[in-house]
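Here's the structure, in structure tokens; my notes come after.
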Amino acid sequence: MSEPLIFHFDVDGENFASAGQASTQVKKNLRQLGVPAATIRRVSIAMYEGEINMVIHANGGTADVIVSEDYIEIILADKGPGIPNIEQAMQEGFSTATDQIRSLGFGAGMGLPNMKRYTDTMEIDTMVGVGTTITMYVYL
Amino acid sequence: MLVKELQEHGFEALSLPDGDREIDGVYIGDLLSWVMGRAQMDNAWITIMTNVNVIAVASLADTSCVILAEGVDMPEDLIETAKQKEINVLRSDQPIYETAVQLSKLVS
């Protein structure tokens, strides 16, 4: 693989049931590229958590996955409300999700911690009222 | 033990596209992010959640099968989705604890 491969997805903010389509597609693509199963799992989970966050909090957004020889980069961008307190949001168990979201099994306050857990680096760029961009790297 | 062998022990297969998959350990949970953070690849995952996100989590977390405890129903369209996405889903009429105890004897 010489040139990096780039996959772009629009994440639908309206449709909670279809959340995960982008990460499922990425999983398929990575499998076809021969990426090890354990790495695929890390990328898929981190990306799915990001997708779910965009659906719950930000009315959707975009997901870009760049696959190069040495790393997989995942960029999740939304124009949602932003994260006022990143330190608090990174704590396991902290969540601002509604009861309706919780009844679906989400809102455990594990989304961002899981994204950090399963990637090698994670950077959050956020501004209240403007949006959030999260960039994650998984090294190959 | 293989996922399909659970059928010989009272587990009802709702979707079994990948029955030859080996079960390695068990995880129990209904909070999906918690499951994604803690479950290991190839675990049998016991839950009572039956919405479409369960299929996505099982696929992405790469669990060997979903086991619905307490005899909960999964809607027919979700069973179809599970088959399409090659996710094994089985059901037990037993409560979660008894299901786990039974699996503990079978898997170890």
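Coordinate-derived values only; no laboratory data. Source: prediction; values computed, not measured. Here the Cβ is made from the backbone with ideal geometry for all residues, glycine too, and neighbour counts use every protein chain on show.
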Per residue of B:52-65, what is the mean number of Cβ atoms on other protein chains within 10 angstrom of that residue's Cβ? 5
Using the Cα centre as the reference, give the magnitude of the dipole from point charges on the C-beta atoms of chain A (Lys, Arg: +1; Asp, Glu: -1; all else neutral), rounded to the nearest 20 debye. 460
Charges only on Cβ, +1 for Lys and Arg, -1 for Asp and Glu: so what's the dipole of the protein assembly as shown about the Cα centre, in debye to the nearest 20? 240
Based on alpha-carbon centroids, what's the gap between the stretch B:29-108 and the stretch A:1-63 in Å, whole number please? 21
Other chains' Cβ within 10 Å of A:20-29 residues: what's the mean? 2
Within 10 Å of each residue's Cβ, count the other Cβ atoms and sort B:34, B:45 from fewest upward. B:34, B:45
Chain B, dipole about Cα centre (Lys/Arg Cβ +1, Asp/Glu Cβ -1), debye to the nearest 20: 240
Could you compute how fast the stretch A:5-139 diffuses translationally, taking Rh as the Kirkwood radius over C-alpha pairs and applying Stokes-Einstein at 20 °C with viscosity 1.002 mPa s? Give it in µm² per second. 145
In terms of modelled amide H atoms, which long-range or inter-chain residues lie less than 5 Å from the amide H of residue B:70? B:92, B:94, B:96
Here the whole-number average of other chain Cβ atoms within 10 Å per Cβ of A:5-18 is 1
Which lysines, on any chain, are close to residue B:105 with Cα under 20 Å apart, when same-chain ones fewer than 8 places away are left out? B:4
